[in-house]
Amino acid sequence: MLRDLTLPVPLSTRHGEVTLRSATTDDLDALMTLLADDPVSAARGDVADDTDRPRYAAALRAIVDDPANVLLVAVDQDGRLVGTFQLTRIPGMARQGSTRLLVEAVRVRSDLRSSGIGGAMMRWVTDVAAAALDAPLVQLTSDAARVDAHRFYERLGFVGSHVGFKYRVPSS
């Protein structure tokens, strides 16, 4: 499972070496800030408001406790969180029973974008994690507004092959 991934692992970037490791509850505030640092996330309500902290803490606990999920963080040499993403291993029937590795919520601190951190994180996913987890397919979705991110994923070899749909369940 995802807990079997060999972590932490050093990643070389133009920013210098960063360390990829599993997120802990100590990362919560930095994760909230990183989500709020992204305009698309901020427009959806990720604004790092302290009143939302219990919901983020519950989500982090749920991810950490679920063996099919792992939340990873990249930290610089001073221990500052500079990037994150979530992996979910999905066994499937399609493609002769292939397992998929879903990548979610890829974020790099805004002042460090284009420094190679995101590319190093995603190459680790495709080159190391997918093989270690016997997942011949790595997939992700990206908001239609993230045009720069789409070019980034295409440069890494991802293909925009599907159209995604979401249904927002009305709150009661």
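The values are calculated or read from the model by the stated rules, or taken from the named source; none is laboratory data. Just so it is clear, the model here is predicted, and its values are computed rather than measured. Here the Cβ is made from the backbone with ideal geometry for all residues, glycine too, and neighbour counts use every protein chain on show. What goes into the accessible areas is simple: the full protein's heavy atoms, side chains included, and nothing from ligands, DNA or RNA. Shrake-Rupley method; radii C 1.70, N 1.55, O 1.52, S 1.80 Å.
Worth pointing out:
- Highest-fluctuation residue, Gly118, Gly160, Gly97 considered, GNM on the chain with Cα pairs under 10 Å: Gly97
- Take the Cα of Leu137, step 7 Å toward its Cβ, do the same at Ala59, and the gap between the two points is 2.6 nm.
- Each peptide in 64-75, 46-57, 133-144 gets a packing score, the mean of other Cβ atoms within 10 Å over its residues, and the list from highest to lowest is 64-75, 133-144, 46-57.
- Heavy atoms of Asp26 accessible to a 1.4 Å probe, total area in Å² rounded to 10: 140
- Heavy atoms of the protein chains alone define the surface here; on that basis the stretch 47-172 has 62 Å² accessible area per residue at 1.4 Å probe size.
- The alpha carbon convex hull volume per residue for the stretch 47-172 rounds to 168 Å³.
- Using the rule -39500 (n - 2.57) for each DSSP H run of four or more residues, divided by the residues of the chain, the 222 nm mean residue ellipticity is -7500 deg cm²/dmol.
- When a 1.4 Å probe is rolled over the protein heavy atoms, the share of accessible surface on the stretch 1-149 that falls to carbon and sulfur comes to 51 percent.
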